[in-house]
Structures are given as C-alpha cells and as structure tokens.
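Engineer: Before I ask anything, here is the structure I am working with.
What follows draws every value from the coordinates through simple rules; no lab data is involved. Just so it is clear, the model here is predicted, and its values are computed rather than measured. Neighbour counts are summed over all protein chains in view; Cβ atoms, including those assigned to glycine, are modelled from backbone coordinates with ideal geometry.
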Amino acid sequence: MFIPESIQSQEDYQACIKFHGHTCMGVTIGYQAAKLGMKLLQETRAVDEELIAIVETDACCCDAIQILTGCTFGKGNFFYLDYGKMAFTFGSRTSGHGVRLVLKPGIFEIPEKERSLAEKIASNNCTAAEKKEYEEMFETRGEDFFLQGPEAFFDIELIDDLKLPPKAPRAPSIACDTCGEMVMQTKLSQVDGHLVCRGCQN
C-alpha cells in the first residue's frame, strides 16, 4: 500500500524509520498501532514502566512500537508472544486499562483493476497510459485509506481491567558454579547442589 507523504514527513515516523533502517509497511503498521493505543489510553511515551506493550509478532512493526511508546525489552515493559499475529496490546499501569488492536483482515486486498494493471507492468506489457493509471490508482487508494486515521487499520478491543505483567525484576548477579560468569540470581538453578546458569544446563 502507498504510504502518503503526510505520514512519511512526520518527525516521529522518521524517528521510527531511522531506528529500523528502511521505510516499509510493517513499520507503518506499528506506527499506527502505537499512536492509536496511546490515544485510546490517554497515555504519553513511557519514561519508566507506566505503559506496557504486548506484541504477538516479531515483525518490523515492533521497532516503531518501541520507539513511540517507550516500551522496550531493556526497560522490561515490552513483551513478546510468539503467536504470529499482527496484534498489539497496550496497557496503562496508572489506570489499569488496556486496549488490544488486531490488524483487520483484507485491508491490503488490491482491487481487480489495479491488480490487472500491476501484472501488466510486471510483465512489461503495459502502455504509458496504463502505467500512469496504475500509479494514480495505487496512490489514491493509499491516500484515501490513511485519511481515515489509525482506526481504519485495526479491530479494537477495550479492556477495563487488564491483567498487567509484573514489573521488571531486580536481583543481584552471582557467578555460575560451572562457567564462572555472572548471572542474574533469579536465572540460576540448583543442580546437584550447585548454582548453574541456563547456558550451562543446555
């Protein structure tokens, strides 16, 4: 789908692209999800763990969500569920409210006329007029869709009492009895009377 200049020129969108490395629809979906999630929760970018994000994919969109929401792996308020779904849950520790956004099925379906023209262009079997017609259809469809706002992308589920994940644990580091490397205490296991890290157990 065509990404309009009105989106690409936004400073926060450019920050997402700079972090991710290139412009793509995946980053744009994450951008739209983060903007909508924070708007619905009436939250701003998290300084600490005030906001949490749960993503059900490890695709490009996750980079934009981390940049815009301030929910990151390092901060402990960004959680990954390996479900392969374009679904994103945002939660506020302040209000206890949450929202789950799921990408609507079929939003990237291409109209038959546009698809037919695209196939002609791909096979180098189109006229200059047909190429221009395709470009106009492609851009107009994207412009019209994005004008509807982030809500057009997602099915929205408001959650009044979200079960929030616990805050990021803090614990001292202790040397593994096998390799001698320092490990967060909560990640060590007792093995035959020794404290052993997960790497050595594997």
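Engineer: Just add up the charged neighbours of residue 175: K/R +1, D/E -1, any other residue whose Cβ is under 13 Å from the Cβ of residue 175.
Structural biologist: Numbers: positive: 187; negative: 177, 181.
After counting each charged neighbour, the total is -1.
Engineer: Of all alpha-carbon pairs in region 148-197, indicate the percentage at a distance above 15 angstrom.
Structural biologist: Summing the P(r) tail past 15 Å for region 148-197 gives 65 percent.
Engineer: Which whole-angstrom value gives the distance between the alpha carbon centres of region 83-115 and region 123-199?
Structural biologist: 13 Å
Engineer: Now a separate question. Using a Gaussian network model of the chain with C-alpha springs under 10 Å, which one of 53, 15, 129 is most mobile by mean-square fluctuation?
Structural biologist: 129
Engineer: Gain in length, residue 191 to residue 58, computed as 0.36 nm per residue apart minus the alpha-carbon separation, to one decimal in nm?
Structural biologist: Values: separation 133, 0.36 × 133 = 47.88 nm, distance 3.32 nm.
Once the chain is fully extended between residue 191 and residue 58, it gains 44.6 nm.
Engineer: Provide, for the chain, the number of lysine pairs with alpha carbons under 26 Å apart, each pair being eight or more places apart or on different chains.
Structural biologist: Here the count comes out as 29.
Engineer: Viscosity 0.692 mPa s, temperature 37 °C: give me the Stokes-Einstein translational D for region 26-110 in µm²/s, with Rh taken as the Kirkwood radius over C-alpha pairs.
Structural biologist: Numbers: Rh = 12.6 Å.
My calculation gives 260 µm²/s for D.
Engineer: Would you look at the GNM of the chain, springs on alpha carbons closer than 10 Å, and say which of 88, 153, 145 moves the most?
Structural biologist: Looking only at 88, 153, 145, the largest GNM fluctuation is found for 145.
Engineer: Counting only other residues whose beta carbon sits under 12 Å from that of residue 27, what net charge do I get with K and R as +1, D and E as -1? All intermediate terms of the calculation are to be shown ahead of the outcome.
Structural biologist: Details: positive: 18; negative: 12, 63.
For residues surrounding residue 27, the net value is -1.
Engineer: Quick one: Debye curve from the alpha-carbon atoms of region 5-64 only, equal weights, vacuum; give me log10 I(q)/I(0) at q = 0.13, 0.18, 0.23, 0.29 Å⁻¹ to two decimals.
Structural biologist: -0.34, -0.65, -1.01, -1.31
Engineer: Using helices alone, what [θ] at 222 nm do you get for the chain, with -39,500 (n - 2.57) per DSSP H run of 4 or more residues, divided over all residues and rounded to the nearest 500?
Structural biologist: -11000 deg cm²/dmol
Engineer: When the chain is modelled as a GNM with alpha-carbon springs shorter than 10 Å, which of 182, 137, 25 fluctuates the most?
Structural biologist: 182
Engineer: Sticking with this structure for a sec: In angstroms, what radius of gyration and Dmax does region 30-172 have, counting Cα atoms only?
Structural biologist: Over region 30-172's Cα set, Rg and Dmax evaluate to 19.4, 68 Å.
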